[in-house]
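Readers should treat all values here as calculations from the given coordinates under stated rules, not as data from a laboratory. Everything numeric in this text was worked out from a predicted model, so none of it was measured. All Cβ positions, even for glycine, are placed from backbone atoms using ideal geometry, and neighbour counts span all protein chains on display.
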Amino acid sequence: MLGLFKKKCGICKRKTSLLRTYRRDRGHVIKVCPACGEYAERRAYKKA
C-alpha cells in the first residue's frame, strides 16, 4: 500500500519518497533520487 505513493526517479527509475527537483537546459523538470543527485549535477542540470 505504501509503495503506491512513492514516485520514480527520472534517471534510475527507482521508487522513493525523497526526490529532488532538477531542471534541464530547455526547462524540462525531472525528479531525481539522492543517489542520482551527483550524476544530475555532473550533467549540468540546475536545481529547481
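When the criteria are applied in full, Lys31 meets the requirement of being of a type in the set (Lys, Arg) and either surrounded by 16 or more Cβ atoms within 10 Å (Cβ to Cβ) or touching a residue at least 24 places away in the same chain (Cβ under 8 Å) (or both). The set of residues in region 1-28 being of a type outside the set (Phe, Trp, Tyr), surrounded by 12 or more Cβ atoms within 10 Å (Cβ to Cβ) and not in a loop (DSSP other than H, G, I, E, B) consists of Lys7, Lys8, Lys15, Thr16, Arg20, Thr21, Arg23.
Of all the listed residues (Ala44, Ala35), the sole one being on the phi > 0 side of the Ramachandran plot and not in a strand (DSSP E or B) is Ala44.
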